[in-house]
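Structure first, then comments.
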Amino acid sequence: MPPQLSLWKFFGFCAVFMGIVLFCVAAGGYTSFYRSQNRIDGTKAYLTDTCKERLDLIPGLIEITKKSLPQYPTQEISQTTERATHILQYVISEGKLVDKDLVKDFEDSQMKLTAQLKNLLTQSDVHLDKTYSRQFADMKNQLITAQNNLFVTKKRYNDEVAYYNTRKTAVLTSFFAKLFGFDQVHYIELSNEPFLPAHQVFAPKTP
């Protein structure tokens, strides 16, 4: 075989090999960001499901409150629950949490609901009709569980969002983010205040 032909074959082999390597690297970069977005979508779904689970507890809480704390005004918490439910539907339908105004509305509605739940439980510690103490205690435990679940799912969501947003600007991965358009999506991390754990929300005030 002539030397020149062997040389061309060698260069051809190298070109094909490098092409395969580059393709694998590019495909890896794409699938890495794609999987990251899927994880964000998954944790967001868990978060919204947890929000809905807490909202679903409110009608039962209101009914018990009317019996055990008849002097407590329940209209405000009913209105807050209705608004929070409405905003949650928007959050679910939006797909990606990238709209600052929607995120703020979502956080505000959850925080307002949490504050009103805290106030109701605080009032129940003082004025509860003891006839309903067991029912109210069961409901309180369910709310504590829901609040803790909110804290956990919010943290998981924020962890995935922070990972994605960091990789968009990292030296070794920003090229693929720009190449495939992932740099155009900026997820917004959620604030801590609306999703605190139950021991920080419902703990009784110390004298």
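The values are calculated or read from the model by the stated rules, or taken from the named source; none is laboratory data. As the structure is a computational prediction, the values presented were derived from the model and not from experiment. Reconstructed Cβ throughout: ideal geometry from the backbone, glycine too, with neighbour counts over all protein chains shown.
If you scan region 36-89, which residues turn out to be modelled with pLDDT under 90 and among the basic types (Lys, Arg)?
Lys66, Lys67
Is one or more of the residues making up region 131-138 within 30 Å of Leu69 (Cβ to Cβ), part of a loop (DSSP other than H, G, I, E, B) and among the polar types (S, T, N, Q)?
Of region 131-138, the ones within 30 Å of Leu69 (Cβ to Cβ) are 131-138.
Right, trim to part of a loop (DSSP other than H, G, I, E, B) and you get none.
Looking for residues that are within 30 Å of Leu69 (Cβ to Cβ), part of a loop (DSSP other than H, G, I, E, B) and among the polar types (S, T, N, Q), one finds none in region 131-138, hence no.
Residues are listed down the side, and each one gets a yes or a no for (1) at pLDDT 90 or above; (2) part of a helix (DSSP H, G or I):
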| residue | (1), (2) |
| --- | --- |
| Ala115 | yes, yes |
| Ser124 | no, yes |
| Ala146 | yes, yes |
| Phe151 | yes, yes |
| Tyr163 | yes, yes |
| Thr166 | yes, yes |
| Lys178 | no, yes |
| Ser191 | yes, no |
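Can you pull out every residue in region 76-102 that is of a type in the set (Val, Ile, Thr) and within 14 Å of Cys51 (Cα to Cα)? If you could, list the steps in order and put the result at the bottom.
Within region 76-102, the subset of a type in the set (Val, Ile, Thr) is 77, 80-81, 85, 87, 91-92, 98.
Thr80, Thr81, Thr85, Ile87, Val91, Ile92 - these are the residues of region 76-102 that are of a type in the set (Val, Ile, Thr) and within 14 Å of Cys51 (Cα to Cα).
In this structure, does Ala137 turn out to be surrounded by fewer than 17 Cβ atoms within 10 Å (Cβ to Cβ), within 21 Å of Glu63 (Cβ to Cβ) and small (Gly, Ala, Ser)?
Working: surrounded by fewer than 17 Cβ atoms within 10 Å (Cβ to Cβ): yes; within 21 Å of Glu63 (Cβ to Cβ): yes; small (Gly, Ala, Ser): yes.
Yes; evaluated as a whole, the condition is true for this residue.
Can you work out which of the residues in region 90-108 that are outside any loop (DSSP other than H, G, I, E, B) and aliphatic (A, V, I, L, M) is nearest to Val161 (Cα to Cα)? Let's see the steps before the verdict.
Just the residues of region 90-108 that are outside any loop (DSSP other than H, G, I, E, B), to begin with: 90-94, 100-108.
Restricting the remaining residues to those that are aliphatic (A, V, I, L, M) gives 91-92, 102-103.
Numbers: Val91: 16, Ile92: 17, Leu102: 17, Val103: 14 Å.
Only one residue fits best here, namely Val103.
I'd like to check something: does region 194-207 contain any residue that is without any contact (Cβ under 8 Å) to a residue 12 or more places away in the chain and either farther than 27 Å from Gly60 by Cβ or surrounded by 15 or more Cβ atoms within 10 Å (Cβ to Cβ) (or both)?
Looking for residues that are without any contact (Cβ under 8 Å) to a residue 12 or more places away in the chain and either farther than 27 Å from Gly60 by Cβ or surrounded by 15 or more Cβ atoms within 10 Å (Cβ to Cβ) (or both), one finds at least one in region 194-207, hence yes.
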